[in-house]
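Below: the structure, in structure tokens.
The values are calculated or read from the model by the stated rules, or taken from the named source; none is laboratory data. As the structure is a prediction and not an experimental result, all values here were calculated from the model. A quick note on method: Cβ atoms are made from the backbone with ideal geometry, for glycine too, and the neighbour counts reach across all protein chains shown.
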Amino acid sequence: MTLAPFPTILVKQLDHAKDIPLPSYATIGATGMDLLAAVIEPITILSQERMLVPTGLQIALPKNYELQIRPRSGLALNHGILVPNSPGTIDEDYRGEIQVILLNMGKDAFIIERGMRIAQAVISPVTRAIWKEIDTLEKTERSYNGFGSTGLF
């Protein structure tokens with residue numbers, strides 16, 4: 001079996017991140033790459049507080065791709081550190097620094113240190129659609145039922 005070639009992401013590492021490794025896959029089967037904090041000094045996120053954390057990276061994605069930013073499961077489980085707009089989206093035409101919104105839902109303050117793995121980055125193809133307005137929709141078995149209408153089991 002031959003794998004399709006990986007998309008190439010062009011990256012510029014900003015001055016405040018020159019000593020921080022670029023994102024990479026931790027294992028051969030990993031879906032996400034760790035994004036690292038490019039903070040100069042440690043920053044503290046108090047309980048119930050949001051903070052924008054820099055990565056020191058600017059990228060150019062291939063056409064029809066996005067970069068999704070997702071929480072790291074260990075940070076979420078062990079410390080309540082979430083990405084509140086998960087998945088965050090970096091569009092193919094964005095050229096600013098990638099920054100991660102982190103939310104501390106834990107009861108204790110959490111300290112972000114330089115080089116800490118703060119989020120996962122997943123590269124995903126994008127499908128675009130066209131909206132077409134109509135007067136009625138085809139009926140289905142489910143119809144208008146939602147929000148738990150199919151039950152728990």
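Details
- Any hit, segment 67-74, residues being over 18 Å from the mean Cα position of the chain (by Cα), within 30 Å of LYS107 (Cα to Cα) and of a type outside the set (Lys, Arg): no
- Within segment 79-95, the set of residues being within 13 Å of LEU67 (Cα to Cα) and outside any strand (DSSP E or B) comprises SER86, PRO87, ASP91, GLU92, ASP93, TYR94, ARG95.
- Of the listed requirements (1) modelled with pLDDT of 95 or more; (2) surrounded by fewer than 14 Cβ atoms within 10 Å (Cβ to Cβ), THR140 misses just one: (1).
- With respect to the stated conditions, GLU133 fails to be at pLDDT below 95, part of a loop (DSSP other than H, G, I, E, B), over 15 Å from the mean Cα position of the chain (by Cα) and among the acidic types (Asp, Glu).
- Every residue from segment 49-85 that is touching a Gly at 6+ places or on another chain (Cβ under 9 Å), in contact (Cβ under 8 Å) with a residue 40 or more places away in the chain and exposed (fewer than 13 other Cβ atoms within 10 Å of the Cβ): none
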